[in-house]
Amino acid sequence: MTKRVAVLLFGVGIYCVFLITVGYGVGFVGNLNVWKSIDSGSPGPFSLAIAVDLLLIAVFGLQHSVMARPSFKARWLNVIPPSLERSVYVLCASLSLLLLFWQWQPLPRDLWHPAPGPVHSLLLALFWFGWLDVVYSTFLVNHFDLFGLRHVFLYFRDIEYTPVPFKQSLLYRYVRHPLMLAFLVAFWATPRMTVGHFVFAMGMTVVIVIGTILEERDLLSLHGSAYARYRKSVSMFIPVPRRK
């Protein structure tokens, strides 16, 4: 029982770290009232700033994609218990994001910055819509399983973990990856697009596309023909009418 309680507390603690990280990330990307945002701080040499920012994005992308692969998980489970595998993944993702926020080098030159008006309001509305859709999309797939809480709660109750079954519901009927689409909207919709924000949005777009392609390979191996049929009938990111 002591071990179960410790695993449960660890998982809940990591979830709290994740919530703080994501909340700070909204302020970071949106240039809100946070300690350091994407455009705050004194800019340094342009080439050095680009190199550092791209390296930070690459670190997050590698962590996010490599640790999600089944081959890595199989080896990783020799080190940590299965009940904590997802929580440790979430912890590493949070730490890599916090490192990015901390060491990000600003490049504040404007690419677009419309004056207050309809365009400014529309971009701001899309920004908040993207982040709200991020939260909503996590519950479509299973929020608590996605961030490790289901794993530790089942272990605490001494119930064997079973993967969440694949199902096609709501937004998943129109795009295969609504969560990733929501992130793309949140990253690109901004009333003030600076060079630094553009580098961040473009880098994260590359990370999302590569990660999604790798994830779909895993889903094909896991779900077989069911996912193959789903992939043929539903677009990856762009919500277009279903193909016959």
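The values are calculated or read from the model by the stated rules, or taken from the named source; none is laboratory data. All values derive from a computational prediction rather than experimental measurement. Positions of Cβ are generated from backbone atoms using ideal geometry, with glycine treated the same way; all protein chains shown enter the neighbour counts. The area values use the complete protein model at the heavy-atom level, side chains included, leaving out ligands, DNA and RNA. Shrake-Rupley method; radii C 1.70, N 1.55, O 1.52, S 1.80 Å.
Quick notes on this structure:
- Residues of segment 198-213 that are open to solvent by 70 Å² or more (accessible area, probe 1.4 Å) and more than 28 Å from residue 227 (Cα to Cα): 198, 202.
- If the condition is being under 14 Å from residue 230 (Cβ atoms) and within 18 Å of the chain's Cα centre (by Cα), then segment 161-197 contributes 171, 172, 175, 176, 177, 178.
- Here residue 131 clears all of (1) at pLDDT below 95; (2) open to solvent by 20 Å² or more (accessible area, probe 1.4 Å); (3) in contact with a helix residue (DSSP H, G or I) (Cβ under 8 Å, 6 or more places away or on another chain) except the condition numbered (1).
- Tally of residues being without any contact (Cβ under 8 Å) to a residue 60 or more places away in the chain and either open to solvent by 90 Å² or more (accessible area, probe 1.4 Å) or acidic (Asp, Glu) (or both) across segment 214-230: 4
Conditions tested, residue by residue: (1) out of contact with any Leu (no Cβ under 8 Å at 6 or more places or on another chain); (2) in contact (Cβ under 8 Å) with a residue 40 or more places away in the chain; (3) surrounded by 15 or more Cβ atoms within 10 Å (Cβ to Cβ).
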residue	(1), (2), (3)
114	no, yes, no
126	yes, yes, yes
137	no, yes, yes
147	yes, yes, yes
151	no, yes, yes
156	no, yes, yes
162	yes, no, no
165	yes, no, no
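- Counting only helices (runs of 4 or more DSSP H) that sit wholly inside segment 1-103, not one has at least 3 residues that are at pLDDT below 95 and more than 30 Å from residue 162 (Cβ to Cβ).
- Residue within segment 97-111 that is farther than 27 Å from residue 39 by Cβ and surrounded by 14 or more Cβ atoms within 10 Å (Cβ to Cβ) present: no
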